[in-house]
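Undergrad: This is the structure I want to talk about, given as structure tokens.
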């Protein structure tokens, strides 16, 4: 093809150039099938890897074949709830299902602290309400029941729901009624649910919150212990510790002047004989929520460091964290290994809340000591800087 | 010997007799009048105590877009909610409203469910407010008495009164007191009339039961207070409610939230009523 | 502490805001043709509780007379103005004594517990005569609540009812009844309603334009699940609902909102007639 001087004919050069240009334009416009797969894979790959490089706003799409199955053909499962401090059991299922959840709202006088009672409004008769656990992509049919002895109407807003009010309008019910609605768990994460009946602040302040966990499709890594803890602030007419049946104080709530800041609805709920237990060597996971209504929590476990923190209950994972910020109406999932025995205090590190308002709980770890990691005191003696040698 | 001690001449006998008879007749009439006035009347309207309310502008929690301020005309309202005993008397005279006879459209299956029978209060206190009654039953009761249910505006007008003046908001600690009354009601309400009367002389507006109002389907807010600015526009044309006026009036929020979910056939152990007229 | 001046100022602001919002609202409302998605309370709740068989009903189902004339035709055993329901005679043995015969002449088959026709009060029709809902028994009825001075939604509601009539085959449409009930008990007199009907060509035998007492109107609205409020100056804020009642007055279809497909309503009527 080449001419006497060894050059390619001009026509060939033009033709090759045209082909290259055409290919480039074609790829730019239409992409290739090779490109699509990595994006999908990256999308489905959530949970434990650091994915901050994911383009902002990209949705974890539900495009597996199982996500296209009509709802009527899904197996129906009744949700198994977790009652704090016990988490709901892991989903342990690799297929999509139609999950049925029932929650009941009640109003009852319960212990807030020693000698102190409070008229709580609850999901499931306790604060926090039960933990709900489903799998990413599940179709959930939710029924809310308002006990006939309630005085107030109630409803629910689940932060895991995409749709009007998170379910609040669909589920507004008077005492002695029940309501049902359905939703798809479109996004994995750890979410708060709470009552959203007017006045919302009061319903939340009286204890109407809990967690719903949407596990990623591949599930969460197995751990040895899972716990369910939700912080809340309480506003009573009397100050901390004032005995008797305390009333809600609206002015204090508006001023955000909490009398009590507690885990799981009462002072001492995770202390002493109510403490959480683990063994040396365990990997511990805590689903930690903050019902508020007002205060952000500075969540810390004294003597421990979180190996991983699903920041704000989402996909972003942080590592080696001492104290994590959990906003009101938010949640977090933390994991850490316990290496040496001891009593590890869970606290809100806004420290006066821990010591003066009740925001302290205990994780008691039993097992063999390990002096390489930690020794107790090895020496104590007088110290006098003025002593002559 | 007789000494005249009287300075006047003695009245003739017939005139004395007439005077005596007149006095006795007058005494008899006065006595009968006193007797009938004191005797308890049999008509329900006279037995139920009502007070006059002068009316005026109502401060509604949710003023309505496009509406002038709501004004209530002068009206009368019951001092206390209707009691079990009064409702029982109504059922005795109106059998179609008894539990076993009432059609389902007018009262659901929870109607009077705490009663032991159609006309048997069982363990319920006759002087406690009647509850577990539907809106239709409450409206019928008031109608039978020649009265009616109060409108929401009228009810709120009375509810907004303090103890010392017509505006509770002006009284220190009023909001907190009403909120406590509203949220600490007993499961089974106690007898009516034990509460301190408010400025208008009305009792038990907050501490015993929720109460039906005439215009049960007219509060257009949803129960979700965060979205109250959004008035289901496509269902409702011509009005609705904008944001609340006084966001710290939690007791009012609780009332509005409760009313927003009500339907005519519903009943509950914490829901009673009183009449107006 | 807020002063009177503050109140006045606050009221002025509120009114200004309200006026602005109202203008925006009316503009939006007039232009909107979408249907709503939310649910309305009312009849739905009552329907939802219909699990048991119909409750035993007092043998006399004839309506009590309107409150204005409590003793006409009755044996005077009742207390003051009658309840909206059945005759209050203590002895059910002879329920027909002294009635003025306005009821529909039908076999006394029991009215289902969920029938709207238990509401026995008397409305006034466009001809000025008394009309009780039970007279509609025997064929399906389309019920709409509206008011005469409404210029935005109500004409569309009435049109929806007309559309239903036109969507039916002629002989079925002829057997279907239409009850148009006004909220505006003060201004919508029978004459005004007749004029309204005539202007739409709907002053026909099968179309009943009704107005009743404030209580009766509220009772019907509560039964149907229609929300309404007297906004003053002849304006009513109301929800938009077309209800189809079967031959016994039990709601068979509800069309909420404006511009919503009417197929369900038409199908319910056909089912009731065939």
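None of the figures in this text is laboratory data; all of them are computed from the coordinates on show. Just so it is clear, the model here is predicted, and its values are computed rather than measured. Cβ: placed from backbone, ideal geometry, glycine included. Neighbour counts: every protein chain shown.
Undergrad: As a test of the definition: which semi-axes, in Å, follow for the range A:67-215 when you take the square root of five times each eigenvalue of its alpha carbon gyration tensor? Largest first, please.
TA: Computed over the range A:67-215, the values are 27, 17, 12 Å.
Undergrad: Considering every residue in B:137-149, what mean count of other chain Cβ atoms within 10 Å of its Cβ is obtained?
TA: 4
Undergrad: State whether the range C:101-191 is rounded, prolate or oblate according to the following rule on the C-alpha gyration tensor (a ≥ b ≥ c being the square roots of its eigenvalues): a/c under 1.5 gives rounded; otherwise a/b larger than b/c gives prolate, and the remaining case gives oblate.
TA: oblate
Undergrad: Let me ask something additional. In peptide B:88-95, how many Cβ atoms from other protein chains are near each Cβ within 10 Å, on average?
TA: Mean inter-chain Cβ contacts per residue within 10 Å come to 3.
Undergrad: Something else about it: With the cut-off at 1.5 for a/c, could you classify chain A from its C-alpha gyration tensor as rounded, prolate or oblate?
TA: Cα axes put chain A in the oblate bin.
Undergrad: Compute the relative contact order of the range A:98-205 as a whole-number percentage, counting only Cα pairs closer than 8 Å that sit 6 or more residues apart in sequence.
TA: The value is 26 percent.
Undergrad: So, one more: Would you mind telling me the antiparallel percentage of the DSSP bridges in chain A, rounded to 5?
TA: 65 percent
Undergrad: Where a ≥ b ≥ c are the square roots of the eigenvalues of the C-alpha gyration tensor, would you call the range A:326-368 rounded, which needs a/c under 1.5, or, failing that, prolate if a/b is larger than b/c, or oblate?
TA: Verdict is oblate for the range A:326-368.
Undergrad: Using only Cα atoms and rounding to the nearest 10 degrees, what angle (0 to 90) does helix A:10-30 make with the longest principal axis of chain A?
TA: Here the helix axis deviates by roughly 20 degrees.
Undergrad: Within 10 Å of each Cβ in peptide A:149-161, how many partner chain Cβ atoms are there on average? Round it to a whole number, please.
TA: Neighbouring Cβ atoms belonging to other protein chains average 4 per residue here.
Undergrad: Now for a different question. How would you order B:176-184, C:245-253, A:16-24 from highest to lowest mean count of nearby Cβ atoms within 10 Å?
TA: The packing order, highest mean first, is C:245-253, B:176-184, A:16-24.
Undergrad: Going by how many other beta carbons lie within 10 Å of each one, how would you line up A:376, A:100, fewest first?
TA: Least to most surrounded, the residues fall as A:376, A:100.
Undergrad: With a 10 Å Cβ neighbour count serving as the proxy for reagent exposure, in which order, fewest first, do C:150, A:195 appear?
TA: Least crowded to most crowded, the residues run C:150, A:195.
Undergrad: Here's something else I'd like to know. Give me B:192, B:71 ranked fewest to most by other Cβ atoms within 10 Å of their Cβ, as a rough exposure proxy.
TA: Ascending number of Cβ neighbours within 10 Å: B:71, B:192.
Undergrad: Report relative contact order for chain A in percent, whole number only (criteria: Cα-Cα under 8 Å, sequence separation at least 6).
TA: Relative contact order for chain A comes out at 13 percent.
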